[in-house]
Amino acid sequence: MIRPILSCIDPYKAAEEFATVGWNIDFSQPWESGDPLVGVSLCGNSVLLGITEGYVSDNQLPHIGCGVEIYITVPVEQIQRVYENHLALKPTELMVQPWGDTAFEVKISGYQFMIAAVNSDLKEELDNE
């Protein structure tokens, strides 16, 4: 299993942004712990939100997440609800991709995610909308 650690200026504020669109906050270590870290998850996919201090220099901050897209999968029966939960962040359209998955892209706390239902049978439903 891969679980990326995403550098954030404030991981607790970033966790709130994830939570507002339906992600779970699995744990939160206090800043004073010496290892400020928050775990968030969506449908069994998890990422860690860490700090930038000591990992990202000030001149690199505008480039956090540049060139990286995190691909996660959700159950096909949940993709519509997950998409609707993310509407506040202005995701791309939920659509069947050329390789057959139904997916959308969304930026959360500066990081690009593609959230997909693998081998989706939603094509007919989406075509009928």
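The values are calculated or read from the model by the stated rules, or taken from the named source; none is laboratory data. None of the values given here were measured: they were computed from a predicted structure. As a convention, Cβ positions derive from the backbone with ideal geometry for all residues, glycine included, and neighbour counts pool all protein chains shown. Heads up: the accessible areas ignore ligands, DNA and RNA and are worked out on the full protein's heavy atoms, side chains in. Shrake-Rupley method; radii C 1.70, N 1.55, O 1.52, S 1.80 Å.
General remarks:
- The single condition among (1) more than 28 Å from Glu84 (Cβ to Cβ); (2) among the hydroxyl-bearing types (Ser, Thr, Tyr); (3) at pLDDT 95 or above that Ser46 does not meet is (1).
- Note on the range 25-40: residues that are open to solvent by less than 20 Å² (accessible area, probe 1.4 Å) and either farther than 13 Å from Leu6 by Cβ or touching a residue at least 24 places away in the same chain (Cβ under 8 Å) (or both) amount to 3.
- Every pair of residues 6+ apart whose Cβ atoms lie under 8 Å, when the first sits in the range 61-89 and is over 12 Å from Gly22 (Cβ atoms) while the second is among the hydrophobic types (A, V, I, L, M, F, W, C) and assigned to a helix (DSSP H, G or I): none
Okay, residues lined up against (1) among the aromatic types (Phe, Trp, Tyr); (2) farther than 23 Å from Met1 by Cβ; (3) open to solvent by less than 80 Å² (accessible area, probe 1.4 Å); (4) within 12 Å of the chain's Cα centre (by Cα):
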| site | (1), (2), (3), (4) |
| --- | --- |
| Asp58 | no, yes, no, no |
| Tyr83 | yes, yes, yes, yes |
| Trp99 | yes, no, no, no |
| Ala117 | no, no, yes, no |
